[in-house]
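Asker: What follows is a structure written as structure tokens; I'll ask about it next.
The values are calculated or read from the model by the stated rules, or taken from the named source; none is laboratory data. The shown structure was predicted, so the numbers you read here are calculated from the model rather than taken from an experiment. As a convention, Cβ positions derive from the backbone with ideal geometry for all residues, glycine included, and neighbour counts pool all protein chains shown. To get the accessible areas, we keep the full protein, side chains included, count just its heavy atoms, and leave off ligands, DNA and RNA. Shrake-Rupley method; radii C 1.70, N 1.55, O 1.52, S 1.80 Å.
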Amino acid sequence: MSASHKRSSLDRDTTFYAPKVACFACYDSGIVSNGDGLLNDYLTDYDATVIDGVLHRHGGSDLAIICHCTAAYEAQDFESQTTRAGFRDSSGVKSTDINGRQQAIGVDPDKDMIREIHRKRRDLWQRSAKDLNSLRQQVRAGMNPQLPHYIATVKQQLQSVDQLLPSFE
Ligand SMILES: [Zn+2]
């Protein structure tokens, strides 16, 4: 059969799906993500500095936080070829040689904190999926539904996006 350029029916459907991952703390990458800032509920100054009580985020400025799920470990395929190097082994977070000094490649966070981030984020995604699917249904039915605050806020921010970006003139 030749390759088709037509999308699958799942791809064409307008249902909003939460990411299909096993671990919402790291989205199956092995490194705990902080795109939504949830990590700062636990580690206030992670990838950030607090100046006069205001959080200024600088993504990537701190060490990676290594997840506790299987995605953080080495993976092999059926021929015992390593398909993922992994950030942990049985002794803990791996380290690397930096100018002759061993340094851990990331930090080993509290397990309960990671479990809680996973559960919170999973629940938030489920709620978002429910909200968005209900909105889409209403729009399809010809209604003009009120946007949830988090969508309304982003929509408003995008209207002034030209002021956020530097001018090249
Ligand atoms: Zn994980």
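Asker: So K120 passes all but one of these: (1) out of contact with any Ser or Thr (no Cβ under 6 Å at 6 or more places or on another chain); (2) modelled with pLDDT under 95; (3) not in a loop (DSSP other than H, G, I, E, B). Which condition number does it fail?
Answerer: For K120, the failing item is (2).
Asker: Taking F16, is it in contact with a helix residue (DSSP H, G or I) (Cβ under 7 Å, 6 or more places away or on another chain), assigned to a loop (DSSP other than H, G, I, E, B), within 14 Å of the ligand (Cβ to nearest atom) and over 17 Å from G106 (Cβ atoms)? Before the answer, list the steps.
Answerer: Values: in contact with a helix residue (DSSP H, G or I) (Cβ under 7 Å, 6 or more places away or on another chain): yes; assigned to a loop (DSSP other than H, G, I, E, B): yes; within 14 Å of the ligand (Cβ to nearest atom): no; over 17 Å from G106 (Cβ atoms): yes.
So F16 does not fit the description; no.
Asker: Which pairs do you get when a residue that is on the phi > 0 side of the Ramachandran plot, found in the stretch 71-88, comes within reach of a residue that is open to solvent by 80 Å² or more (accessible area, probe 1.4 Å) and within 11 Å of the ligand (Cβ to nearest atom), reach meaning Cβ atoms under 8 angstrom, with the pair 6+ apart or on two chains?
Answerer: G86/Y73
Asker: Going through the stretch 105-117 one residue at a time, which ones are charged (D, E, K, R) and either in a loop (DSSP other than H, G, I, E, B) or buried (at least 17 other Cβ atoms within 10 Å of the Cβ) (or both)?
Answerer: Correct list: D108, D110.
Asker: Continuing with this model, one more query. Which one is nearest to the ligand (Cβ to nearest atom) among residues in the stretch 76-104 that are more than 18 Å from A25 (Cα to Cα) and surrounded by 13 or more Cβ atoms within 10 Å (Cβ to Cβ)?
Answerer: Per the criteria, the residue is R84.
Asker: To continue, here is another question. If you scan the stretch 1-36, which residues turn out to be in contact with a strand residue (DSSP E or B) (Cβ under 8 Å, 6 or more places away or on another chain) and open to solvent by 40 Å² or more (accessible area, probe 1.4 Å)?
Answerer: The one that is in contact with a strand residue (DSSP E or B) (Cβ under 8 Å, 6 or more places away or on another chain) and open to solvent by 40 Å² or more (accessible area, probe 1.4 Å): I31.
Asker: Next up: Which numbered condition in (1) within 14 Å of the ligand (Cβ to nearest atom); (2) farther than 30 Å from L135 by Cβ is the only one that C26 fails?
Answerer: With respect to (1) within 14 Å of the ligand (Cβ to nearest atom); (2) farther than 30 Å from L135 by Cβ, C26 is out only on (2).
Asker: When only residues in the stretch 60-75 that are assigned to a loop (DSSP other than H, G, I, E, B) and surrounded by 10 or more Cβ atoms within 10 Å (Cβ to Cβ) count, which is farthest from the ligand (Cβ to nearest atom)?
Answerer: Filtering the stretch 60-75 for residues that are assigned to a loop (DSSP other than H, G, I, E, B) and surrounded by 10 or more Cβ atoms within 10 Å (Cβ to Cβ), the one farthest from the ligand (Cβ to nearest atom) comes out as S61.
Asker: Among the residues of the stretch 76-96, count how many are part of a loop (DSSP other than H, G, I, E, B) and among the hydroxyl-bearing types (S, T, Y). Walk me through how you get there before you give the answer.
Answerer: Step one: filter the stretch 76-96 for residues part of a loop (DSSP other than H, G, I, E, B), giving 77-81, 85-87, 90-91, 94.
Filter once more, so that each one left must be among the hydroxyl-bearing types (S, T, Y): 80, 90-91.
So the count comes out to 3.
Asker: Looking at (1) closer than 19 Å to V21 by Cα; (2) within 16 Å of the ligand (Cβ to nearest atom); (3) more than 18 Å from the chain's Cα centre (by Cα); (4) open to solvent by 40 Å² or more (accessible area, probe 1.4 Å), which one does K120 not meet, given that it meets all the others?
Answerer: (3)
Asker: Residue pairs, Cβ under 8 Å, 6 or more apart or interchain, first in the stretch 15-31 and among the β-branched types (V, I, T), second surrounded by fewer than 16 Cβ atoms within 10 Å (Cβ to Cβ). List them.
Answerer: T15/N133; T15/R136
Asker: So, one more: For the stretch 127-144, what are the residues that are over 16 Å from D13 (Cα atoms) and open to solvent by 100 Å² or more (accessible area, probe 1.4 Å)?
Answerer: Those that are over 16 Å from D13 (Cα atoms) and open to solvent by 100 Å² or more (accessible area, probe 1.4 Å): R127, M143, N144.
Asker: Follow-up question, since we're still on this one. Quick one: how many residues across the stretch 37-53 are open to solvent by less than 80 Å² (accessible area, probe 1.4 Å) and on the phi < 0 side of the Ramachandran plot?
Answerer: Qualifying residue count for the region: 9.
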